[in-house]
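One structure is given below, encoded as structure tokens.
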Amino acid sequence: MIEIDEVEIILNEIASEFPQEFYKELNGGIVLLPQAKLNPLGRNNELYVMGEYHSNRSMGRYIVIYYGSFKRLYGHLSRDALKKKLAQTLKHEFTHHLESLAGEHKLEKEDQKFLEDYLRRIGE
């Protein structure tokens with residue numbers, strides 16, 4: 001797996017490709033954390049959180065990307081393939097941000113449906 005420093009470089013490359021308007025009110029920017037994060041609803045440690053969008057009064061608006069989750073799921077990928085996965089995740093989180101600014105919740109509902117379908121598949 002590519003080391004975290006290299007992933008940060010890749011993430012910065014991807015982030016620089018997004019229009020400046022996407023960064024409106026994203027005062028906390030994009031944060032790459034070293035740990036993996038598991039969704040507590042996942043069974044047998046199989047449901048990793050790749051990224052999250054946060055918006056709150058004390059910390060503001062920011063995107064978190066979990067290096068450890070990428071390492072666990074995609075550690076075998078080439079740099080280019082990993083870059084595509086990172087780009088997909090960052091786009092997803094930016095969509096949450098832009099929808100939040102617009103007062104929309106479409107992607108939140110899609111994420112919730114994904115979790116509901118997952119739980120139905122595993123029989124919960």
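FYI, it's all coordinate maths here, none of it is from the lab. Worth saying up front: this structure is predicted, and the values here are computed from it rather than measured. Because the Cβ atoms are built from the backbone with ideal geometry, glycine has one as well, and the counts that use them run over all protein chains shown.
Counting other C-beta atoms within 10 Å, which of His96, His54, His76 has the fewest, and how do the rest follow? The partial results should precede the final answer.
Numbers: His96 22, His54 16, His76 9.
Lowest to highest Cβ neighbour count: His76, His54, His96.
Which trypsin sites (Lys or Arg not before Pro) in the range 51-81 pass both tests, a DSSP loop state and at most 12 other beta-carbon atoms within 10 Å? Mind showing how you got there, number by number?
Values: sites: Arg57, Arg61, Lys71, Arg72, Arg79; in loops: Arg57.
When the trypsin sites (Lys or Arg not before Pro) of the range 51-81 are filtered for loop state and at most 12 Cβ neighbours within 10 Å, Arg57 remain.
Would you report the distance distribution of C-alpha pairs in the range 1-55 as whole percents per 5 angstrom bin, up to the bin with the largest distance?
4, 15, 19, 22, 17, 14, 7, 2
Which order results if Glu25, Glu93 are arranged by neighbouring Cβ count within 10 Å, fewest first? Working shown, then result.
Numbers: Glu25 11, Glu93 22.
Taking fewest neighbouring Cβ atoms as first place, the list is Glu25, Glu93.
How large is log10 of I(q)/I(0) for the chain at q = 0.16, 0.17, 0.20 Å⁻¹ when the intensity is taken from the Debye formula with one equal scatterer per alpha-carbon?
Values, matching the q order: -0.84, -0.94, -1.23.
Going by amide H atoms built from the backbone, whose H comes under 5 Å of the H on Leu38, apart from near neighbours?
Under 5 Å from the amide H of Leu38 lie the amide H atoms of Val49, each far enough along the sequence or on another chain.
Among Glu8, Glu46, which comes first, second and so on when ranked by fewest other beta-carbon atoms within 10 Å? Working shown, then result.
Working: Glu8 14, Glu46 11.
Lowest count first: Glu46, Glu8.
How many percent of DSSP beta bridges within the chain run antiparallel, rounded to 5?
On the way: 8 of 13 bridges.
If I count the DSSP bridges inside the chain, around 60 percent turn out antiparallel.
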